[in-house]
1. Does anything in segment 35-68 have its amide N under 11 Å from the 7 Å Cα→Cβ label point of Leu110, and if so which residues?
2. May I ask you to order 41-48, 107-114 by the average number of other C-beta atoms within 10 Å around their residues, highest value first?
Amino acid sequence: MDNRQAIGSWLSGPRAAAEQAGADFGYRGEQLGLPEEGPGSIARPGRRLGALAVDWALCLLIAYGLITHGYDQATGNWALLVFFVMSALTVGTIGFTPGKRLFGLRVVALATGRVSPLRALLRTVLLCVAIPALVWDRDGRGLHDRLAGTVETRV
């Protein structure tokens with residue numbers, strides 16, 4: 001193996017190196033019984049982050065305008081509270097937040113297809129802690145989704 005191949009495999013990551021060695025991981029969501037593309041497939045990270053940014057901006061605007069009447073350190077705390085309430089209520093009732101709706105995403109329970117309010121509450125608590133949302137499995141699900149038994153899919 002020459003240096004370019006070694007550097008290329010290192011830059012591509014362990015998954016690409018394992019696939020070159022013959023391992024077959026399949027596509028994201030295959031183990032969960034989800035389609036590879038289109039409606040019902042695993043949401044891509046870009047869409048998920050875009051939806052999160054829209055939701056966070058909306059919560060900041062609500063906290064800034066309705067609660068604190070000006071931006072200070074407490075605005076971020078109020079925005080997190082607004083985000084928690086909005087996410088738990090909307091995901092637990094209709095399956096998506098305003099940002100997820102805008103980006104064509106929906107949260108579904110793997111077992112039943114519909115997210116119960118208790119699952120939504122658990123998912124939202126873990127999402128607000130932030131660390132579980134940064135730990136992903138090979139299907140692209142965050143730890144908060146794994147522990148709540150949910151997955152974020154495309155509509």
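1. The answer is none, because no backbone nitrogen lies closer than 11 Å to the label point.
2. Going from most to least packed, we get 41-48, 107-114.
Just so you know, all these numbers are worked out from the coordinates, no wet-lab data involved. Source: prediction; values computed, not measured. Cβ: placed from backbone, ideal geometry, glycine included. Neighbour counts: every protein chain shown.
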